[in-house]
Amino acid sequence: MKVRYMEKQQFQAESKRLLDLMIHSIYTHKEIFLRELISNASDAIDRLYYLALTDENVHYNRNEFKIELEVDKPQRVLKLRDNGIGMTREELEHNLGTIAHSGSLLFKNEQDKEKSGDEIDVIGQFGVGFYSAFMVSKKVTVLTRSFKEETGYKWESDGADGYTIEEYPKETVGTELILSLKDNTDEENYDEFLQTYRLRELVKKYSDYIRYPIQMEVEKTRLKEGSDEKNPEYETYTEVETLNSMVPIWKRPKNDITAEDYNHFYQEKFMDFKEPLSVIHTNVEGALTYTALLFIPSETPYNFYTRDYEKGLQLYSSGVFIMDKCPDLLPEYFRFVRGLVDSQDLSLNISREMLQHDRQLKAIAKNLEKKIKSELVKMLKDDREKYETFFKHFGLQLKYGVYGNYGADKDKLQDLLLYYSSSEKKMVTLEEYVSRMKEDQKYIYYAAGESIVKLDQMPQNERVQEKGYEILYMTDDVDEFAIQMMHDFDGKEFKSVNSGSLELESEDEKKEIEEKTAENKDLLDALKEALKDQVKDVRVSARLKSHPVCLSSDGGISMEMERVLNAYPGAEKDMIKADKVLELNGEHPVFAALQKVYEKDPASVADYAGLLYDQALLIEGFSIDDPVAFSNRICDLMVQANAKAE
Ligand code: ADP
């Protein structure tokens, strides 16, 4: 044998850390290593089988594919063999020397957490794949031969000390893992992974649906031939037993599948440490035949709102795996759904580009969208608490859906939205809001801002609430944009409590305000002049009751939208401006004070104008341009007041 590549290579730094975690892990579910390795073996077979079906130069027979377990008790060795695609030297180096890409990112993000002692979570949460072998092994040997090559390679490592790769004359294509189990300690007994019953149990528990037989030679006893019943004699013999049932869960009759089965399957397949919030399993037959098994996660995946998150469903054609994340099966606003679709109507040879135009696939996607929607509607109706959990995690995505695509999808999504209600003090649907609207109420009122607590204190609300009208509080950046896109719900237009005119005042009130405005024209003009860079207008307010001032806006852009748009990365400073209006409460003592100041010394009104404007901003939850000037003005007032008192 020609020996090459024998020098010891070091693991990539991140791999090393994960390995250390594996080796020293106090993680209690060490048993999952078996499921991880079997899953790798099954993937490797999938890939070769797929080639055999699509590449005329590759010939393999479906029936020959298998995964084998073998136990060597005296040596304390567990072997795991597959006749899948195998690895070339480069693949071996790349795949087992560096941590898998998906894993590496997760791992980086989790590192801080892990330092604080939460390391167990890293393992529980994310599939750790091949390296999990080191949870139970002191040495791991990999013998592998790629279907492309005539010879094989041997990779070996004790984890801590790097790994070696050398040529190895492997006769068959595929991969064999040889796990030299760790020594038993007082706390841990690794011998369990040499026991037939235990291995059988683990395969059943975690890998039952694997589509290729997982086989093991097991020892059995039987009555010796010719031995008589009165004086029975037994003999032991070995037999190859298939440990898994091989029927993928989505192919099993629904009645036979327990919630636990679904949960297990989901958690393992989609590497989620939480159980799914909801499961949708649907079989469709007819012009279009397919099975879909879909899951709604119970929490937002850590990268969900980033570009790293890839949406899509796994795609199978009559049980043969085609693609991991087929994006065309899900609309953007349901991108949180995970799962798979298996259809006999799809061609295996289909490429990603062709899929986009595939009629069958489009039809399936359309059906699935309806199905997901109806599942959500049902959840909203039957299990409100669960729906609210769902909405907490993915509601934002639905709102983006309303806003995106130029509003084309708003009709499908608007009845799935929830907002916090000022009067109900809980999340409500738009339909519920409309059903509670007062007879004389024309609009659906909403207030947009930073938090529910702050919105609840907004002076602008008073007038609307006094009328007995409910207000929807909106705290997501996208909210007002989505609202603008919707324009109305059930024929009722949305109206911000901040908008220029609320149209709530009676004829008498209108007259009063007109009179007050006329009487104080000079004062209002002086204030307007003083604030000409900040506001478009200064008015006597129709909406304030107990507060002295507030800000509102005319036109399509609200102050909240101004904030959101200007905060957008890359936005030019103050590129977008709301048409702000400073409203003054004509009945408030402050207004009377203003009148007096103006009479005595018209020039000093500018200081007051600045103060009132800053106050209004603060109440609204915005920051003020010049806090020092604000503070100085207040101090001056205090000193003046004190001087008067003396
Ligand atoms: P993951 O399976 O999440 O990619 P792993 O660490 O389990 O991460 O495996 C890394 C890579 O090693 C796999 O993506 C695959 O390419 C390769 N690999 C692992 N096991 C096998 C195997 N039995 N046969 C062929 N390739 C394998």
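The values are calculated or read from the model by the stated rules, or taken from the named source; none is laboratory data. Bear in mind that the values here come from a model prediction, so they are computed numbers and not experimental data. Glycine also receives a Cβ, built like all others from the backbone with ideal geometry; neighbour counts cover every protein chain displayed.
Per-structure values
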| item | result |
| --- | --- |
| Residue ID - surrounded by the most Cβ atoms within 10 Å (Cβ to Cβ), chosen from residues in the stretch 159-168 that are more than 16 Å from the ligand (Cβ to nearest atom) and within 42 Å of the chain's Cα centre (by Cα) | THR164 |
| Test: residue in the stretch 433-442 that is within 23 Å of the chain's Cα centre (by Cα) and not aliphatic (A, V, I, L, M) | no |
| Restricting the stretch 197-216 to residues that are aliphatic (A, V, I, L, M) and either part of a strand (DSSP E or B) or at pLDDT 90 or above (or both), the residue that is farthest from LEU69 (Cα to Cα) | LEU202 |
| Residue match in the stretch 134-143 (condition: part of a strand (DSSP E or B), away from the ligand (no atom under 13 Å from the Cβ), of a type in the set (Lys, Arg) and modelled with pLDDT of 90 or more) | yes |
| Qualifying residue in the stretch 357-373 (condition: touching a residue at least 24 places away in the same chain (Cβ under 8 Å), in contact with a Lys or Arg (Cβ under 7 Å, 6 or more places away or on another chain) and within 28 Å of GLU275 (Cα to Cα)) | yes |
| Breaking point among (1) part of a helix (DSSP H, G or I); (2) free of Cβ contacts under 8 Å to residues at least 40 places away in the same chain, for GLN595 | (2) |
| Pairs with Cβ under 6 Å, 6+ apart, first in the stretch 620-631 and assigned by TED's automatic domain parsing to the domain that holds ALA609, second surrounded by 12 or more Cβ atoms within 10 Å (Cβ to Cβ) and of a type in the set (A, V, I, L, M) | GLU620/LEU551; ILE624/LEU617; PHE630/ILE624 |
| Residue among GLU176, GLU171 that alone is more than 13 Å from the ligand (Cβ to nearest atom) and of a type in the set (Asp, Glu) | GLU171 |
| Listing of strands (runs of 3 or more DSSP E) fully contained in the stretch 505-584 that carry 2 or more residues being more than 22 Å from PRO602 (Cβ to Cβ) | 549-554, 579-584 |
| Matching residues, the stretch 279-319, being within 18 Å of MET354 (Cα to Cα) and outside any loop (DSSP other than H, G, I, E, B) | LEU313, GLN314, LEU315, TYR316, SER317 |
| Enumeration of residues in the stretch 396-424 that are surrounded by fewer than 17 Cβ atoms within 10 Å (Cβ to Cβ) and closer than 19 Å to THR475 by Cβ | SER423, GLU424 |
| Any hit, the stretch 575-583, residues being farther than 29 Å from GLU514 by Cβ, outside the structural domain of HIS487 (by TED's automatic domain parsing) and at pLDDT below 85 | yes |
| Which listed residue, of VAL535, VAL540, VAL549, is under 23 Å from GLU470 (Cα atoms) and not small (Gly, Ala, Ser) | VAL549 |
| Residues of the stretch 473-495 classified as over 16 Å from TYR403 (Cβ atoms), in contact (Cβ under 8 Å) with a residue 12 or more places away in the chain and not charged (D, E, K, R), total | 1 |
| Total residues in the stretch 61-91, condition without any contact (Cβ under 8 Å) to a residue 60 or more places away in the chain and buried (at least 22 other Cβ atoms within 10 Å of the Cβ) | 0 |
| Listing of strands (runs of 3 or more DSSP E) fully contained in the stretch 405-488 that carry 3 or more residues being under 30 Å from TYR613 (Cβ atoms) | 444-448, 471-474 |
| Qualifying residue in the stretch 542-564 (condition: buried (at least 18 other Cβ atoms within 10 Å of the Cβ) and over 24 Å from LEU455 (Cβ atoms)) | no |
| Entirely in the stretch 8-103, the helices (runs of 4 or more DSSP H) that have 3 or more residues that are more than 10 Å from the ligand (Cβ to nearest atom) and modelled with pLDDT under 85 | 13-23 |
| Among the candidates TYR168, TYR153, residue that is closer than 13 Å to GLY86 by Cβ and touching a helix residue (DSSP H, G or I) at 6+ places or on another chain (Cβ under 7 Å) | TYR153 |
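For (1) surrounded by 15 or more Cβ atoms within 10 Å (Cβ to Cβ); (2) over 15 Å from ARG35 (Cβ atoms); (3) within 30 Å of the chain's Cα centre (by Cα), each residue gets a yes or a no:
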residue: LYS205; (1), (2), (3): no, no, yes
residue: GLU225; (1), (2), (3): no, yes, no
residue: GLU239; (1), (2), (3): no, yes, no
residue: ILE249; (1), (2), (3): yes, no, yes
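A quick yes/no check of all residues on (1) more than 23 Å from THR306 (Cα to Cα); (2) β-branched (Val, Ile, Thr); (3) under 16 Å from the mean Cα position of the chain (by Cα); (4) outside the structural domain of SER42 (by TED's automatic domain parsing):
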site	(1), (2), (3), (4)
LEU346	yes, no, no, yes
LYS366	yes, no, no, yes
LYS392	no, no, yes, yes
ASN405	no, no, no, yes
ASP411	yes, no, no, yes
